[in-house]
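Contents: one structure, followed by commentary.
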């Protein structure tokens, strides 16, 4: 966020804060928000935790020699040992390795579902909020229609309509059911923003609708967009794990934290093999917690008024 | 107020219509038709066509919609493709009340935990219990309910043996009050699991609402008059702080019923949630669609009740 400068730092300590590049320009709202964010200990902790989890998922091949999908029927449901740090599951697959590789799937699904939903929501919400009137009305009725069903119920129903679930398909289905909330948030802020004078000014000098939306409206609504997108990623991770847990998400043998937990529906595994289901559940919990802290930190950073706690 | 209530009910009707339309679209996009599983695949193609014609599957979509909706209104959702062709309405009837009971237990836990703790947190902000409650709130919202349910079974059912891990009754031969107690005993763990996220949400709401009201002018006036803290709390603060909670409860009504989907699965509880999951896994579309309709209707009715109740308890609210 800080702009890099090539000039030498001012010798006078009093002026140090006004680095040459900032003499004319005061701090942007972004820089202010960034500062406030860094002061929030929980949020910073969240960033560090999430960073570690992401690094571990990238470095999975370095952290384990076992394949996450290779079954070994001679080594079924073994307790933790030197070779298998967290033991093996009911098909003899190494749990530690599945945990590491599973984080890739869980994080990818969470992130791409969030991104896809965000894009859909921003486009639909922008159109509705910017144009208003009849278009807005039609879009909002479609939104009502999608929201008439609980999110999980709609997602499960659509999943039951397709023959086989894969990662891209699951992401698409989630995005197709989850966009209305995002669209509503964006529409709401656009409805008030578009009446403001800078939009009138932009229109007066002949800016196109596209330019007004992307250059003027979205940057002004960026706070709620970023906050909600962050919190949405946490929701997406929970949704994916929930779907995989009940066996309607990512199918075996591809590991995700959710389908690793589904082994624990067997009461024998639940009772005797804690190492098979506590670690993936704990990973989901920590990841979601970290993302929620980041989201809350961003909210406070973008909106100093929200500091009610 | 009456005007508002009537307008709100009028909005409810098109929303119900949208719900039926989307369920109809979903039902129509289901692969295959009722015959692909009911009829012998070797049957002559012409017989097949005749049956399709007889059942009206070749009619235009609006005609099919009207026929479908009129049978749905009469409670006829067709027959299950899996449970030996049993009536869908019968299957749902068997389990409907189980889900409602579970929802009520969850709501009960949510309210008796969230409201007192929320009030305490607001009256003693930054006290140890307040910090504990905030931490609990974060955890409650971050933990997937199925993971929490598994932990609950592991700790309280398997290791401590305080509660049963599954089902609704342990002994089918008991009745009356004993049966009631047994059912409650079975619903405690799933109820807490289902109510967890709501508890965390309500606690946060309650705390910030009470804090808001405590800082308002009329509370200061009441204190200036010499009212005791207790009276200020019960006569002024709670009345106003509870308004958003009541609204939330209306929404919760729908959330609980559909939130039961995963919780019921964890506890193997025979409610609408397990029926829904089983039906999606078995591709039992008539059941899936009927449940979609019911879950959706719950959400809509919950929102309707929330809005109406809101306008009743808070006369300041006027929508025009």
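The values are calculated or read from the model by the stated rules, or taken from the named source; none is laboratory data. Remember, predicted model here, so these are calculated numbers, not experimental data. Every residue, glycine among them, receives a Cβ derived from its backbone with ideal geometry; neighbour counts consider all protein chains shown.
So for region A:100-112 (the condition being farther than 27 Å from residue A:276 by Cβ and either assigned to a helix (DSSP H, G or I) or modelled with pLDDT under 80 (or both)), does at least one residue qualify?
Within region A:100-112 (the criterion being farther than 27 Å from residue A:276 by Cβ and either assigned to a helix (DSSP H, G or I) or modelled with pLDDT under 80 (or both)), the answer is yes, since at least one residue qualifies.
Give the residue, chosen from A:120, A:107, that is within 25 Å of residue B:20 (Cβ to Cβ) and more than 14 Å from every other protein chain (Cβ to nearest Cβ).
Checking each option against the conditions leaves just A:120.
Just for region B:124-160: of the residues that are surrounded by fewer than 16 Cβ atoms within 10 Å (Cβ to Cβ) and under 19 Å from residue B:188 (Cα atoms), which one is farthest from the other protein chains (Cβ to nearest Cβ)?
B:160
What's the number of the condition residue A:99 fails, among (1) touching a residue at least 60 places away in the same chain (Cβ under 8 Å); (2) closer than 30 Å to residue B:26 by Cβ?
(2)
Look through B:4, B:101 and report the one residue that is within 25 Å of residue B:298 (Cα to Cα), modelled with pLDDT under 80 and part of a helix (DSSP H, G or I).
The match here is B:4.
Within region B:169-179, can one find any residue that is farther than 21 Å from residue B:273 by Cβ, touching a helix residue (DSSP H, G or I) at 6+ places or on another chain (Cβ under 8 Å), in the same structural domain as residue B:116 (by TED's automatic domain parsing) and surrounded by 17 or more Cβ atoms within 10 Å (Cβ to Cβ)?
No; the residues of region B:169-179 include none that is farther than 21 Å from residue B:273 by Cβ, touching a helix residue (DSSP H, G or I) at 6+ places or on another chain (Cβ under 8 Å), in the same structural domain as residue B:116 (by TED's automatic domain parsing) and surrounded by 17 or more Cβ atoms within 10 Å (Cβ to Cβ).
When region B:70-84 is examined, which residues are found to be within 16 Å of residue B:294 (Cα to Cα) and exposed (fewer than 14 other Cβ atoms within 10 Å of the Cβ)?
B:70, B:71, B:73, B:74, B:75
Residues to consider are B:201, B:263; find the one that is modelled with pLDDT of 85 or more, under 24 Å from residue A:262 (Cα atoms), in a helix (DSSP H, G or I) and within 14 Å of chain A (Cβ to nearest Cβ).
Answer to the selection: B:263.
Is it the case, given these coordinates, that residue B:231 is without any contact (Cβ under 8 Å) to a residue 60 or more places away in the chain and more than 14 Å from chain A (Cβ to nearest Cβ)?
Yes; evaluated as a whole, the condition is true for this residue.
Matching residues to (1) within 10 Å of chain B (Cβ to nearest Cβ); (2) under 22 Å from the mean Cα position of the chain (by Cα); (3) loosely packed, with under 15 Cβ neighbours inside 10 Å:
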| residue | (1), (2), (3) |
| --- | --- |
| A:221 | no, yes, no |
| A:225 | no, yes, no |
| A:238 | yes, yes, no |
| A:244 | no, yes, no |
| A:266 | no, no, yes |
| A:271 | yes, no, no |
| A:279 | no, yes, no |
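Residues that are crowded, with 19+ Cβ neighbours inside 10 Å, in contact (Cβ under 8 Å) with a residue 40 or more places away in the chain and over 27 Å from the mean Cα position of the chain (by Cα): does region A:61-84 have at least one?
Within region A:61-84, none of the residues are crowded, with 19+ Cβ neighbours inside 10 Å, in contact (Cβ under 8 Å) with a residue 40 or more places away in the chain and over 27 Å from the mean Cα position of the chain (by Cα).
Could you list, in sequence order, all residues of region B:262-278 that are surrounded by 24 or more Cβ atoms within 10 Å (Cβ to Cβ) and more than 21 Å from residue B:157 (Cβ to Cβ)?
The answer is B:272, B:275, B:276.
So the check is Cβ under 6 Å with 6+ separation or different chains; which pairs have a first residue in region A:149-170 that's without any contact (Cβ under 8 Å) to a residue 24 or more places away in the chain and a second one that's surrounded by fewer than 21 Cβ atoms within 10 Å (Cβ to Cβ) and assigned to a loop (DSSP other than H, G, I, E, B)?
Qualifying pairs under 6 Å: A:161/B:29; A:161/B:30.
If the requirement is being surrounded by 15 or more Cβ atoms within 10 Å (Cβ to Cβ) and within 25 Å of residue B:261 (Cα to Cα), which of these qualifies: A:213, A:174, A:186?
One residue alone meets the criteria, A:174.
Please state which of the following conditions residue B:154 fails to meet, knowing it meets all the rest: (1) within 19 Å of the chain's Cα centre (by Cα); (2) assigned to a helix (DSSP H, G or I); (3) under 21 Å from residue B:274 (Cα atoms).
Single failed check for residue B:154: (1).
How many residues are within 10 Å of chain B (Cβ to nearest Cβ) and crowded, with 18+ Cβ neighbours inside 10 Å if we restrict to region A:129-142?
0
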